[in-house]
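Undergrad: I am attaching a structure below and will ask some questions about it afterwards.
The values are calculated or read from the model by the stated rules, or taken from the named source; none is laboratory data. Because the structure is predicted, anything quoted here is derived from the model rather than measured. Cβ placement follows ideal geometry from the backbone for every residue including glycine, while neighbour counts extend to all protein chains displayed. Accessible surface areas use protein heavy atoms only, side chains included; no ligands, DNA or RNA. Shrake-Rupley method; radii C 1.70, N 1.55, O 1.52, S 1.80 Å.
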Amino acid sequence: MSYTSQRNFHKIPWHRLFVFFFLSIVIGTAGYIYHKNQQSNIRQEIEKELSAIADLKVVQIENWRKERME
């Protein structure tokens, strides 16, 4: 091998590495933000469900107490 072919063979494509790491960071950040957003939405839905269940239980207890008092 000549000196120029050895030099080109060991040359690191920095621009490709930069693009790879940049895209990796962007995709990772987007995934993290999406995960946190989904986690927040799921938590809100579960809180709504638990609140509805609690309201129904209060009505059941009120009706039960009303029946016992009569």
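Undergrad: Being among the charged types (D, E, K, R), open to solvent by 100 Å² or more (accessible area, probe 1.4 Å) and part of a helix (DSSP H, G or I) is the filter here; which residues of region 30-70 pass it?
TA: Applying the first criterion (among the charged types (D, E, K, R)) to region 30-70 yields 36, 43, 45, 47-49, 55, 57, 62, 65-68, 70.
Next, from what is left, pick out any that are open to solvent by 100 Å² or more (accessible area, probe 1.4 Å): 43, 47-49, 57, 62, 65-68, 70.
Listed by number, the residues that qualify are Arg43, Glu47, Lys48, Glu49, Lys57, Glu62, Arg65, Lys66, Glu67, Arg68.
Undergrad: Of all residues in region 9-29 being assigned to a helix (DSSP H, G or I) and surrounded by fewer than 10 Cβ atoms within 10 Å (Cβ to Cβ), which is modelled with the lowest pLDDT? Let's see the steps before the verdict.
TA: Pass one, region 9-29, residues assigned to a helix (DSSP H, G or I): 9, 14-29.
Pick out the ones that are also surrounded by fewer than 10 Cβ atoms within 10 Å (Cβ to Cβ) and you get 9, 14-16.
Numbers: Phe9: 62, Trp14: 87, His15: 90, Arg16: 91.
Ranking the qualifying residues of region 9-29, first place goes to Phe9.
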